[in-house]
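Nothing in this text is a laboratory measurement; each read-out follows from the coordinates by a stated rule. Everything numeric in this text was worked out from a predicted model, so none of it was measured. Heads up, the Cβs are rebuilt from the backbone with ideal geometry, glycines too, and the neighbour counts pull from every protein chain shown.
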Amino acid sequence: MIDFLSGALFCTHVIASIHFLRFWRRTGDVLFRYFAIAFVLFAVNQAVSSVPAAAAHAAGYEYLLRVAGFLLILVAITQKNFRRTSR
């Protein structure tokens, strides 16, 4: 059951990334590109943490991908807000 949910979570991260890439191509807004990259990082994190041999070998380092994704989202939001107020 855990493997099924892990695969479903991986698929939802990939679908969200594709969704944000589509919005980025349509609007050209950098915020959507950052979100797409962040969700790719989340998907890679989910894939790495799902493989037992890789998870045991990494010993927690795979969660740095998740931290990088959240930092990328924070950078995207702050960049969008500061760009909007400077106009």
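Which value results for Rg/Rh of the chain when Rg is the Cα radius of gyration and Rh the Kirkwood radius based on the inverse mean 1/r? Rounded to two decimals, Rg over Rh is 1.08. Spin-label model, CYS11/VAL51: points 7 Å from Cα along the beta carbon direction are separated by 2.1 nm. What FRET efficiency would be calculated for the residue pair TYR61, ARG33, taking the C-beta separation as r and a Förster radius of 35 Å, to the nearest 0.05? Between TYR61 and ARG33 the formula returns 0.85. From its DSSP helices (H runs of at least four residues, each -39,500 (n - 2.57)), the chain gives a residue-normalised ellipticity at 222 nm of -30500 deg cm²/dmol. Subtracting the Cα-Cα distance of ARG22 and GLN79 from their residue separation scaled by 0.36 nm leaves 18.5 nm. For the chain, the relative contact order comes to 29 percent (Cα pairs under 8 Å, sequence separation of at least 6).
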